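Right, one structure below, let's go through it.
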Amino acid sequence: CQKPLPSTSFNRNQLSKGEGKARCRTCVETAVANEESASQKSKADKIVAAKEAIKSAEATKNIAEVVRAESVLAALEAEHVTGLKPIALGGRGRGRGKWSSGRGRSGGGRGPSNRTK
C-alpha cells in the first residue's frame, strides 16, 4: 500500500526486509488470502480437466488410458479432501542391504549356503 505507517503495523519479518520491501500486516494478509483463493481455483480447474480426460479416454475405449485418467482424478480428489499430496512409492524394493530371505539363518544371501543336502 506504500502508506507511511508506524513500525507496530509491521511484523518482525517484514521489518527486517528493509524500507522499500516491507509490507504491513494488512497487505500481507490480503496477499495470503489472494494466493489461497488462486490455489483453490487452480485445484478445481485441474479436477475439471481430469474429468474431461476420463471422458475422452472412455471415447477411445483404451482401458489403460481410462485407468490412468481415473487414477489422476482420484489423486486430485484425495488431495482436495485430505490436503496431502500423493507420493510416489516404489524404488529399489523393500530396502537396501538385506541379502537374506528374512526367515532364519539360511536362505538367499551371498556366499556359500549353510544348508545340508
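Taken together, the values in this text are just the output of simple stated rules run on the coordinates, not laboratory data. What you see is a predicted model, and the numbers here were worked out from it, not measured in a lab.
On a full-extension model of 0.36 nm per residue, what is the gain between Lys51 and Ser7, subtracting their alpha-carbon distance, rounded to one decimal in nm? Display every interim value, and only then the final one.
Numbers: separation 44, 0.36 × 44 = 15.84 nm, distance 4.96 nm.
Full extension of this stretch gives 10.9 nm more.
State which entries of Lys61/Lys85; Lys21/Lys46; Lys21/Lys41 exceed 32 angstrom in Cα-Cα distance in the structure shown. Beyond 32 Å between Cα atoms: Lys21/Lys46. The length gained by stretching the chain between Val32 and Leu84 to full extension, at 0.36 nm per residue less their Cα-Cα distance, is 16.8 nm.
Full extension of the chain between Ile63 and Glu77 gives 2.9 nm of extra length, using 0.36 nm per residue less the Cα-Cα distance.
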